[in-house]
Amino acid sequence: MATRPTVGAIRVSVIIKALNEEARIAAAIQSALSALRKLPCLGEVILADSCSTDETLRIAANYPIRVVTLANPDERSCGIGPQLGYQYTTGDFVYILDGDMELDEDFLKAGLEFLMRHPGVAGVGGQVEERVTTSLEYARRARRAKVNMRPGETDRLEMGGLYRCRAIDQVGYFSDRNLRSYEELDLGMRLRARGWRLWRLDCPSVIHHGHADGTLALLLRRWRNGYLCGIGQLLRASVGEPHMRIVLSSVSELRLYLAVLMWWALLVAIPFLPVRPWAATELFAGVLAAPFALAALLRRSVLDAFVTVTSWCFHAAGLVRGFIQARRPPMSAVRSTLVKDFYI
């Protein structure tokens with residue numbers, strides 16, 4: 001099991017997870033250092049790199065931060081970066097930042113003050129400014145933001161959050177190394193199952209630059225890198241755990257993708273029904289067209305309906321692929337290399 005070093009002087013640790021972020025990593029590091037300088041206590045920055053092949057590590061090494069990287073690039077995942085960084089943190093509080101984000105210089109101070117006033121809250125997030133607004137992921141995130149980004153209590157801290165390390169240690173680990181996505185939701189559910197709360201403040205937290213891939217290109221890229229497997233891995237990870245009930249009851253997209261799998265099963269079964277061939281053909285055509293008609297009604301566009309149903313199918317396939325994948329113990333140490341050390 002991985003354990004964190006203990007250095008009593010550090011109060012806030014900022015983990016920046018990165019993979020080939022040479023264009024943005026300097027701005028991310030500078031923003032984290034600026035935010036830490038606003039605090040009345042000591043802080044540190046840890047770059048948790050997933051074996052970047054560009055200039056990310058070289059650029060990061062120019063700053064007064066700790067730089068670590070995975071020992072094995074085959075272990076890359078969205079979930080492993082935060083856990084890798086967490087192994088090297090020494091603070092009482094930890095903030096997770098992506099390499100394509102910039103941290104608002106006032107957020108850590110506001111978040112720390114809120115956590116000090118509310119001992120039952122495990123973590124706080126803030127409001128996110130999206131700089132890329134045309135991708136499929138942005139459209140999905142914008143729809144979720146109507147609920148997940150509203151100020152007040154929430155079930156997850158997407159796009160970064162400041163957490164109480166005592167709460168993280170209580171649930172065993174910061175981020176599930178097996179997850180290709182949904183790592184924030186997984187953490188939120190594990191914390192809530194232990195009685196902790198999460199809160200989103202009505203103040204800026206990060207600027208997110210993101211990626212401007214087209215819809216189909218993004219789906220294909222996420223299929224290749226395993227990102228779409230995240231929901232199946234999330235479900236698999238919850239089996240037999242205290243937060244399984246929360247996963248089954250509150251992850252609405254899980255029910256959607258299960259419905260898509262049932263749709264596929266029905267299409268496969270229709271040719272074997274004891275009906276005349278013409279009736280089976282009509283039934284097959286009607287069942288095949290039903291999701292597209294529903295999506296067209298919801299999106300008010302035939303093209304958007306095609307894109308939506310295609311996305312549903314990719315995610316449903318990812319659900320199956322992720323659920324059947326083997327898992328490594330999430331509390332085991334992440335093998336890594338210390339590229340540059342730095343102590344305050």
Accessible solvent surface per residue of the chain, calculated while the other protein chains remain in place, 1.4 angstrom probe, Å²: 46 Å²
Can you give the Rg/Rh ratio of the stretch 184-337, where Rg is from the C-alpha atoms and Rh is the Kirkwood radius? 1.05
Compute the convex hull volume of the Cα atoms of the chain, divide it by the residue count, and report the result per residue in Å³ as a whole number. 139 Å³
On the accessible surface of the stretch 173-272, probed at 1.4 Å with all protein chains in place, carbon and sulfur together account for a percent value of 61 percent
Percent carbon-and-sulfur accessible area, the stretch 1-107, ignoring ligands, DNA and RNA, probe 1.4 Å: 49 percent
Would you please classify the overall shape of the stretch 188-265 from the alpha carbon gyration tensor, given that a ≥ b ≥ c denote the square roots of the eigenvalues, rounded means a/c under 1.5, and beyond that prolate means a/b larger than b/c while oblate covers the rest? oblate
At q = 0.29 Å⁻¹, what log₁₀ I(q)/I(0) does the stretch 228-285 have when each alpha carbon counts as one equal point scatterer in the Debye sum? -1.15
Return the Cα extents of the stretch 7-121 along principal axes one, two and three, sorted largest first, each rounded to a whole Å. 42, 24, 22
In Å, the C-alpha Rg and Dmax of the stretch 296-344 are 21.0, 58
Over the stretch 54-209, what per residue volume does the convex hull of the Cα atoms give, in whole Å³? 129 Å³
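The values are calculated or read from the model by the stated rules, or taken from the named source; none is laboratory data. Quick caveat: nothing in here was measured; it's all calculated off a predicted structure. These area figures cover heavy atoms from the full protein model, side chains too; ligands, DNA and RNA do not enter into them. Shrake-Rupley method; radii C 1.70, N 1.55, O 1.52, S 1.80 Å.
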